[in-house]
Amino acid sequence: MTQLKGKVWVFGDDIDTDAIIPARYLNTSDPSELAPHCMEDADPKFAHQVAPGDIIIGGKNFGCGSSREHAPLAIKAVGVACVIAESFARIFYRNSINIGLPILECGAAAQRARSGDVLTVDLAKGIVTNLALHETYQAAVFPPFMQEIIGAGGLIGYVRYTLGKEKSPDG
Amino acid sequence: MGMTITEKILAAHAGKEQLTPGELISIPVDLVLGNDVTAPLAIQEFERIGVPTVFDPEKIALVPDHFTPNKDIKSAEQVKVMREFAKKHKITHYFEIGRMGIEHCLLPELGLVVPGDVVIGADSHTCTYGAVGAFATGVGSTDLAAAMATGEAWFRVPETIRFVYYGKMRPWVTGKDLILYTIGLIGVEGARYAAMEFTGEAISDLSQDSRFTMANMAIEAGAKNGIFIPDAITKEYVQGRAQRSYQFYDSDPDATYKEVIEIDVSQIEPQVAFPHLPENSRGISQVGDIPIDQVVIGSCTNGRMEDLRVAADILTGRQVAPGVRLVILPGTQGLYKQAISEGLVEIFIDAGAAVSTPTCGPCLGGHMGVLAKGERALATTNRNFVGRMGHPESEVYLSSPAVAAASAVMGRIVGPCQVVGKGCQG
């Protein structure tokens, strides 16, 4: 589960949540309705050409702007396996962890990757390999508390566990 | 060891004497907030948790304000989900159309957020409440769902950047100009994950409405929260409104800051942020000739009485330029009514403005003023991202209500001095 392999789509710095999913589509929270508009105002072709398992690369401050969880939901629903960026805006970061969208903060991987490169990602170890460049990078490690949320599949699973509704956060 | 106001509020809620930046804490929240975009998703996730009731029906605020009055069938369905959830769980603070306002104007006005609070809202501009000395931050729908079930939220204690504003403000300069200037100075990720603490002699004279505007836009610098040390101005605002007891916190003189940034406000002109980031701000004298199609005055950033009054001051006896659309949105029903009783709405309508019931509408390109391809707007809102107010090839510039009103009259972006000519240097 933790070993991913996908083709890269590179986006720049300060990709905001209006670019990820424009507010004109927020009259629904159905992921299948959001997915066709994912990244529409940054790259109108993206949602039509992205393949399941592909990887989004962002620059600095990826996901800045609004608190809309529809942004990571749309990215997840369109089939993107992982987002790697130099840095993330805090609400997007938090939302991604909470809904179980894999994200990694890895400046070197983000700066070096070019659209079309193929990466492998070991989520558990935070190791990113660019197969086109034959380079390997180490991403920032999540604090133990966040690893527990990730292990539970997101915040809802974690809360169910802490409220005694589930036996194990891995279940 | 000294603590900042942000650290003190979080420590008090964590039941600890001392907190330091970087610590992870799970603490009780005083109020949680959702709107018609974020609450329906939170309600869906809340159901997945499997608890029969919300943690406290009096500590949840549900405000349908983004696409309301419902702009289409899907929006109506979203609000219906909120309404039915509020009814089922006997949520005290659900605000129906006709009683609602823009959430971040409404909750302080009603005294539902008070100094010393910890508030989370599934809306990024929840940081607005730092203007009354509360710790308030935006989260997503799943965080809202978890908090509605447990009454708690987890935080990483932020480092604090202290901003010290000194000097005398120029005519027509407001909190909006200070915050646009500040974001221009530090950039849209200049305060990422940090608390922005707004202090200094220029702040001690700053109106409560201008403080709301500044705290509101802390998120546009990437901050977790923006906060003011409560004082006599805060007290005057909250007393008589507060629905709960409140506590004023202050930063210790020996508190530790990530950085201290001093800003001479006497050097700050009215500001305009160019597309497509709030950090692209420049003084009005550096704007050049920029014709506009639409002006919007309102939003959680600038939809309060000070904003409406300054707009009316400039629009009195003047007309919106031919070919320009001016949309004015008072932030709450209370503000709308006050604007009517003060004669402001009559001034707006005489000038040729459209005045509407409270809604976030145009700020996020939802309704009530969506832009066509190639159109350009000047707005008192908070974001000028690509496509923010409509077509991806439209443009949004950001300014204060004074600049917005003056520009509506001239049909291009100008400072108030060019229209009013009083108390101006240039």
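The values are calculated or read from the model by the stated rules, or taken from the named source; none is laboratory data. Model, not experiment: these values are computed from the prediction. Please note: Cβ atoms are built from the backbone with ideal geometry, for glycine as well, and neighbour counts cover all protein chains shown.
Looking at the structure I just gave you, is B:ALA404 closer than 21 Å to B:GLN333 by Cα, of a type in the set (A, V, I, L, M) and touching a strand residue (DSSP E or B) at 6+ places or on another chain (Cβ under 6 Å)?
no
For the range A:15-31, which residues satisfy the criterion of being more than 8 Å from every other protein chain (Cβ to nearest Cβ) and part of a loop (DSSP other than H, G, I, E, B)?
Passing the criteria: A:ILE15, A:ILE21, A:ASP30.
Table: residues versus (1) within 11 Å of chain B (Cβ to nearest Cβ); (2) in a helix (DSSP H, G or I); (3) more than 19 Å from B:THR142 (Cβ to Cβ).
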{"position": "A:ASP41", "(1), (2), (3)": "yes, no, yes"}
{"position": "A:ALA51", "(1), (2), (3)": "no, no, yes"}
{"position": "A:LYS60", "(1), (2), (3)": "yes, no, yes"}
{"position": "A:SER67", "(1), (2), (3)": "yes, no, no"}
{"position": "A:LYS76", "(1), (2), (3)": "no, yes, no"}
{"position": "A:ILE91", "(1), (2), (3)": "yes, yes, no"}
{"position": "A:ILE97", "(1), (2), (3)": "yes, yes, no"}
{"position": "A:LEU104", "(1), (2), (3)": "no, no, yes"}
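Give me a count of the residues in the range B:238-263 that are part of a loop (DSSP other than H, G, I, E, B) and either modelled with pLDDT under 95 or over 19 Å from B:LEU10 (Cβ atoms) (or both). Write out each step before concluding.
Here is the first cut: in the range B:238-263, the residues part of a loop (DSSP other than H, G, I, E, B) are B:239-254, B:256-258.
Now narrow it down to the ones that are either modelled with pLDDT under 95 or over 19 Å from B:LEU10 (Cβ atoms) (or both): B:239-243, B:253.
Number of matching residues: 6.
So for the range A:131-148 (the condition being crowded, with 16+ Cβ neighbours inside 10 Å, free of Cβ contacts under 8 Å to residues at least 60 places away in the same chain, facing chain B (nearest Cβ under 9 Å) and closer than 30 Å to A:ASN27 by Cβ), does at least one residue qualify? Talk me through it step by step, then tell me what you get.
Step one: of the range A:131-148, the residues crowded, with 16+ Cβ neighbours inside 10 Å are A:137, A:139, A:142, A:146, A:148.
Now narrow it down to the ones that are free of Cβ contacts under 8 Å to residues at least 60 places away in the same chain: A:137, A:139, A:142, A:146, A:148.
Right, trim to facing chain B (nearest Cβ under 9 Å) and you get A:146.
Then keep just the ones that are closer than 30 Å to A:ASN27 by Cβ; that gives none.
Taking every residue of the range A:131-148 in turn, none turns out to be crowded, with 16+ Cβ neighbours inside 10 Å, free of Cβ contacts under 8 Å to residues at least 60 places away in the same chain, facing chain B (nearest Cβ under 9 Å) and closer than 30 Å to A:ASN27 by Cβ.
From B:THR160, B:THR182, B:THR174, grab the single residue that is hydroxyl-bearing (Ser, Thr, Tyr), touching a strand residue (DSSP E or B) at 6+ places or on another chain (Cβ under 8 Å) and closer than 18 Å to B:ASN302 by Cβ.
B:THR182
Can you pull out every residue in the range B:49-71 that is farther than 30 Å from B:GLY390 by Cβ, free of Cβ contacts under 8 Å to residues at least 40 places away in the same chain and of a type outside the set (S, T, N, Q)?
Correct list: B:GLY50, B:PRO52, B:PRO57, B:GLU58.
Inside the range B:264-351, counting only strands (runs of 3 or more DSSP E) that do not spill past its ends, which hold 1 or more residues that are over 24 Å from B:MET368 (Cβ atoms)? Spell out how you get there, then give the answer.
On the way: elements: B:271-273, B:281-283, B:294-298, B:325-329.
Per the criteria, B:271-273, B:281-283.
Being touching a His at 6+ places or on another chain (Cβ under 7 Å) and crowded, with 23+ Cβ neighbours inside 10 Å, is that true of even one residue in the range B:229-236?
no
Just to be sure, is B:PRO158 under 25 Å from B:GLY121 (Cα atoms), in contact (Cβ under 8 Å) with a residue 12 or more places away in the chain, assigned by TED's automatic domain parsing to the domain that holds B:VAL139 and not in a helix (DSSP H, G or I)?
Details: under 25 Å from B:GLY121 (Cα atoms): yes; in contact (Cβ under 8 Å) with a residue 12 or more places away in the chain: yes; assigned by TED's automatic domain parsing to the domain that holds B:VAL139: yes; not in a helix (DSSP H, G or I): yes.
Considered against the rule, which asks whether it is under 25 Å from B:GLY121 (Cα atoms), in contact (Cβ under 8 Å) with a residue 12 or more places away in the chain, assigned by TED's automatic domain parsing to the domain that holds B:VAL139 and not in a helix (DSSP H, G or I), B:PRO158 comes out as yes.
Would you mind stating whether B:ILE328 is away from chain A (no Cβ under 14 Å), touching a strand residue (DSSP E or B) at 6+ places or on another chain (Cβ under 6 Å) and under 19 Å from B:ASP209 (Cβ atoms)?
Spelling it out, B:ILE328 is indeed away from chain A (no Cβ under 14 Å), touching a strand residue (DSSP E or B) at 6+ places or on another chain (Cβ under 6 Å) and under 19 Å from B:ASP209 (Cβ atoms).
Looking only at the range B:193-237, which residues are within 17 Å of B:VAL114 (Cβ to Cβ), in a loop (DSSP other than H, G, I, E, B) and in contact with a Pro (Cβ under 9 Å, 6 or more places away or on another chain)?
B:PRO230
So if I check each of B:THR316, B:THR357, which one is over 19 Å from the mean Cα position of the chain (by Cα) and surrounded by fewer than 23 Cβ atoms within 10 Å (Cβ to Cβ)?
Going through B:THR316, B:THR357 in turn, the sole match is B:THR316.
Pick from the range B:93-149 the residues that are acidic (Asp, Glu), more than 14 Å from chain A (Cβ to nearest Cβ) and touching a residue at least 40 places away in the same chain (Cβ under 8 Å): which of them is nearest to B:VAL32 (Cα to Cα)?
Ranking the qualifying residues of the range B:93-149, first place goes to B:ASP117.
Quick check on A:LEU34: is it closer than 28 Å to B:THR128 by Cβ, within 11 Å of chain B (Cβ to nearest Cβ), touching a Leu at 6+ places or on another chain (Cβ under 7 Å) and at pLDDT 95 or above?
Answer is yes for this residue.
Based on this model, can you work out whether B:ASN35 counts as surrounded by fewer than 20 Cβ atoms within 10 Å (Cβ to Cβ) and under 30 Å from B:PRO362 (Cβ atoms)?
no
Could you look through the range B:170-185, keep only residues that are surrounded by 21 or more Cβ atoms within 10 Å (Cβ to Cβ) and aliphatic (A, V, I, L, M), and pick out the one that is nearest to the other protein chains (Cβ to nearest Cβ)?
Among those residues, the one meeting the criterion is B:ILE183.
Please return the ranges of strands (runs of 3 or more DSSP E) entirely within the range B:1-103 where 1 or more residues are more than 30 Å from B:THR359 (Cβ to Cβ) and over 24 Å from the mean Cα position of the chain (by Cα).
Output list reads B:24-28.
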